[in-house]
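Below: the structure, in structure tokens.
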């Protein structure tokens, strides 16, 4: 899948050139990232369907999600756009970073954060990513830290606390290892936009997501025994149905849309905007499972939406 001087797809060069000419566009990027958030919001519903019938370890489930995503993308690109699988060796470090750190390590840290501090605090730690993305973008590219970005980060952070109900002290069981794992999810997720922006100058989102999930699956495979990876083979067909749906909708769909959105938005703007996924997931759980939405959760959702609206008025580039 890689060689020294392989030509990249002509589409990748054409798209990169077009974006260079047109500049970064909020009107194009935000709808793509909101589409990604909508796809990711279905993850909880699909995971719940799987866990109703079978309970693998979270790390095992994360491996199969990433591995099946990689299989889907490899099959599609091999059949229809094989040239998009060709990358130059000099570009592999950024692609490896995207897969190992931004996806693989993120999933590992997320699993341990949930186990050690609980679901709600883990969500809150995860959504420190916008703040980390703003700082990293400033350090790497001197992206200005504007009042709109800071307002959006604050609104998003408080909104996520309310939506995740992290104010409920019965859900919180903090410890240093869990806190570090939680902060690690925020940092690793923030790097997705950084590695993505570096690679998008040369490759299409399809190429990036394919390599990312190949390296991510390998990363998640390392810390767990091989016997733990055998769980789906003996499961009934409906488990496989939900697994493939998990790979297709929130993973292939969500990550491809988000990566495409990075073509038009700064890394910090993209990660702040996609935070609306937290509220969309809560709404979906209410509509499908009847999970009650409190007034504070609704207020948190409104704050996240306002943060996106504030950010959408800022000139990108």
Quick one: 28, 197, fewest Cβ neighbours within 10 Å first, how do they rank? 28, 197
If you build a Gaussian network model of the chain, linking Cα atoms that sit under 10 Å apart, which residue out of 216, 115, 94 swings the most? 115
Kindly put 292, 135 in sequence by how many other C-beta atoms sit within 10 Å of each C-beta, fewest to most. 292, 135
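Would the stretch 94-208 count as rounded, prolate or oblate if I go by the C-alpha gyration tensor, calling it rounded below 1.5 in a/c and otherwise prolate when a/b exceeds b/c, oblate otherwise? Spell out each step's value before the answer.
Details: a/c = 2.53, a/b = 1.41, b/c = 1.79.
Cα axes put the stretch 94-208 in the oblate bin.
Classify the stretch 191-317 as rounded, prolate or oblate from the Cα gyration tensor: take a ≥ b ≥ c as the square roots of its eigenvalues, call it rounded if a/c is under 1.5, otherwise prolate when a/b beats b/c and oblate if not. Provide the component values of the computation, followed by the final result.
On the way: a/c = 2.51, a/b = 1.18, b/c = 2.13.
Oblate shape, in that a/c is at least 1.5 and b/c is the bigger or equal ratio.
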Output the direction-averaged projected area (hull surface divided by four) of the convex hull of the alpha-carbon atoms of the stretch 81-145, in nm². 6.7 nm²
Connecting every pair of Cα atoms under 10 Å apart in the chain and solving the GNM, the largest mean-square fluctuation among 234, 102, 25 falls on 234
Using only the alpha-carbon atoms, what does the stretch 166-220 span along each of its principal axes? Please give whole angstrom values in decreasing order. 47, 22, 17
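Classify the stretch 248-317: rounded, prolate or oblate, from the alpha-carbon gyration tensor (a ≥ b ≥ c, eigenvalue square roots; a/c under 1.5 rounded; otherwise prolate if a/b is larger than b/c)?
Details: a/c = 4.25, a/b = 1.39, b/c = 3.06.
Oblate.
Where does each of 268, 294 land when they are ranked from fewest to most other beta-carbon atoms within 10 angstrom?
So the ranking, lowest neighbour count to highest, is 294, 268.
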For the chain, just the Cα set please: Rg and Dmax, both in angstrom. 19.0, 57
When the chain is fully extended, how far beyond the present Cα-Cα distance does residue 54 get from residue 298, taking 0.36 nm per residue of separation? 84.6 nm
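State the three equivalent ellipsoid semi-axes of the stretch 218-286, derived from the C-alpha gyration tensor as the square roots of 5 times its eigenvalues, in descending order and whole Å. Mind showing how you got there, number by number?
Working: eigenvalues 177, 63, 28 Å².
Ellipsoid semi-axes (Å, largest first): 30, 18, 12.
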Go ahead and estimate [θ] at 222 nm for the chain from helices alone: -39,500 (n - 2.57) per DSSP H run with n ≥ 4, summed, over the residue count, rounded to 500. -22000 deg cm²/dmol
In whole Å, what is the distance between the alpha-carbon centres of the stretch 251-317 and the stretch 37-71? 20 Å
Approximate spin-label separation residue 90-residue 146, in nm, with each point projected 7 Å along Cα-to-Cβ: 3.3 nm
For the chain, built as a Gaussian network whose Cα springs stay under 10 Å, the top-fluctuating residue of 176, 260, 244: 176
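Values quoted throughout were computed directly from the atomic coordinates according to the rules given, and no laboratory measurement underlies them. Predicted model, so just to flag it, every value in this text is computed and none were measured. Positions of Cβ are backbone-derived with ideal geometry, glycine not excepted, and every protein chain shown enters the neighbour counts.
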